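Okay, so here's the structure we're looking at.
The values are calculated or read from the model by the stated rules, or taken from the named source; none is laboratory data. Every value quoted in this text rests on a predicted model; they were computed, and no experiment measured them. Here the Cβ positions follow ideal geometry from the backbone for every residue, glycine too, while neighbour counts run over all protein chains shown. The accessibility values were calculated without ligands, DNA or RNA, using every heavy atom of the protein model including side chains. Shrake-Rupley method; radii C 1.70, N 1.55, O 1.52, S 1.80 Å.
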Amino acid sequence: MTTVTPPLPYRVAGAWDETADTRSVELVPAGRALAPFSPGQFAMIYAFGVGEVPVSVSALRGRHGGLVHTVRAVGAVSAALYRLRPGDTVGLSGPYGTGWDLEAAAGHDVLVVAGGIGLAPLRPVVHQLLGRPTAHGRLAVLVGTRTPGDLVYRDEIESWRGRARVEVTVDRPGPGWRGAVGVVTTLLDRVELRPARSCALVCGPEVMMRHTARDLVVRGVVPHRVQVSLERNMRCATGHCGHCQLGPLLLCRDGPVVGYDRVADLLLTGEL
C-alpha cells in the first residue's frame with residue numbers, strides 16, 4: 001500500500017484563470033516542504049472544511065518557485081480549490097503515484113497527446129523535453145479540446161511552436177476559429193511518425209486515450225512505448241479504498257502512468 005503522509009500547510013502564492021471554469025494555483029510551503037515531485041505524479045489537496053481530492057502537478061516550479069496545480073470546478077472540493085485566492089492555505093500531501101517514464105523516451109521521437117485538461121499532467125513533461133532538446137528526437141504536441149474557449153495554457157502552447165510540432169483541434173469551433181476541427185486522433189495524420197523510434201505520452205478522457213493508443217499501435221508504435229495516465233479513476237490515493245482498481249492494478253499505487261501494454265485489453269473493452 002502507498003504510505004499515507006499527513007498533509008502539510010501550503011500557502012497560495014498565485015491564482016489565475018485558464019478558462020471560464022478552470023484555474024491554476026501555485027502553492028508554496030508555509031513551513032516544511034514535501035519531497036520533490038516528478039512529472040505525472042499527483043498530490044492530495046485538502047480544502048479545509050470541505051474535503052480532499054487528488055490533483056496532478058501541472059508545473060514543478062511556478063512563478064514563485066512553488067508547485068502549480070490546474071483545477072476544473074466540477075465538484076464541491078474542486079469548486080473550493082477553484083475559489084482559492086493568494087494568501088489562502090490548503091493542506092498538501094504527496095507525491096503519489098508513478099510519473100512519466102522519460103528515460104524510455106531518451107533518443108526517441110516523443111509524441112505528447114492531450115485531451116482537454118489532460119494537458120495539465122503532461123505540461124511538466126513538455127517543459128522538461130523542451131529544456132533538453134538533445135536528449136530525444138523530434139517532439140510533437142497534439143491537443144484536442146471541446147471548444148476554443150476550453151483550451152488551457154493557450155499563450156504557452158503558442159510559445160512552444162518553433163521548438164516542437166504543435167497541433168490543436170476542437171470539437172465545436174466558434175466564431176473566428178481557423179484551426180483544425182475534429183477529435184484529437186485526426187491530428188496523427190499531420191505528424192511524420194517514425195513508429196520504430198517513437199514513444200507516446202497520452203492523457204485525457206478514457207475514450208480519447210483508448211482510440212489514441214489503439215491508433216498509435218496500429219501505426220506501428222510498440223505498445224510499451226505508449227504511456228497513458230489513468231488518474232481520473234482515483235479517490236483515496238493510498239491504495240486502501242480500491243476505487244481505482246483496474247484488473248490487478250491499483251492505479252494510485254501502480255499508476256497513474258502505465259504502459260499501454262499493461263492495460264490494453266481493459267481500455268479496448270471500455271472496462272475503465
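Observations on the structure shown:
- Hits in segment 214-232 - residues which are at pLDDT below 75 and touching a Ser or Thr at 6+ places or on another chain (Cβ under 9 Å): Glu231
- Residue match in segment 111-120 (condition: free of Cβ contacts under 8 Å to residues at least 12 places away in the same chain and hydrophobic (A, V, I, L, M, F, W, C)): no
- Tally, over segment 194-231, of residues that are more than 22 Å from the chain's Cα centre (by Cα), on the phi < 0 side of the Ramachandran plot and not basic (Lys, Arg): 3
- Of all positions in segment 144-153, at least one carries a residue that is free of Cβ contacts under 8 Å to residues at least 60 places away in the same chain and over 18 Å from the mean Cα position of the chain (by Cα).
- Residues within segment 194-218 that are outside any helix (DSSP H, G or I) and either open to solvent by 10 Å² or more (accessible area, probe 1.4 Å) or closer than 15 Å to Gly116 by Cα (or both), tallied: 6
- Single unsatisfied condition, Val55 versus (1) out of contact with any helix residue (DSSP H, G or I) (no Cβ under 9 Å at 6 or more places or on another chain); (2) free of Cβ contacts under 8 Å to residues at least 40 places away in the same chain: (1)
- Checked against (1) modelled with pLDDT under 95; (2) on the phi > 0 side of the Ramachandran plot, Gly87 passes all but condition (1).
- Only listed residue being outside any helix (DSSP H, G or I), among the charged types (D, E, K, R) and at pLDDT below 90, chosen from Arg235, Arg253: Arg235
- Flag for His64 being surrounded by 18 or more Cβ atoms within 10 Å (Cβ to Cβ) and either under 19 Å from the mean Cα position of the chain (by Cα) or not aromatic (Phe, Trp, Tyr) (or both): no
- Residue count, segment 186-199 (criterion: without any contact (Cβ under 8 Å) to a residue 40 or more places away in the chain and in contact with a Ser or Thr (Cβ under 7 Å, 6 or more places away or on another chain)): 1
- Condition check for Arg83: more than 18 Å from Leu8 (Cβ to Cβ) and within 15 Å of the chain's Cα centre (by Cα): no
- Failed item in (1) in contact with a Leu (Cβ under 9 Å, 6 or more places away or on another chain); (2) on the phi < 0 side of the Ramachandran plot, with Gly94 passing the rest: (2)
- Ala15 satisfies every condition listed in (1) modelled with pLDDT under 95; (2) buried (at least 19 other Cβ atoms within 10 Å of the Cβ) except (1).
- Arg132 vs. criteria over 18 Å from the mean Cα position of the chain (by Cα) and either farther than 21 Å from Glu206 by Cβ or among the hydroxyl-bearing types (Ser, Thr, Tyr) (or both): yes
- Only residues that are open to solvent by less than 20 Å² (accessible area, probe 1.4 Å) and within 19 Å of the chain's Cα centre (by Cα) were counted in segment 24-36, giving 4.
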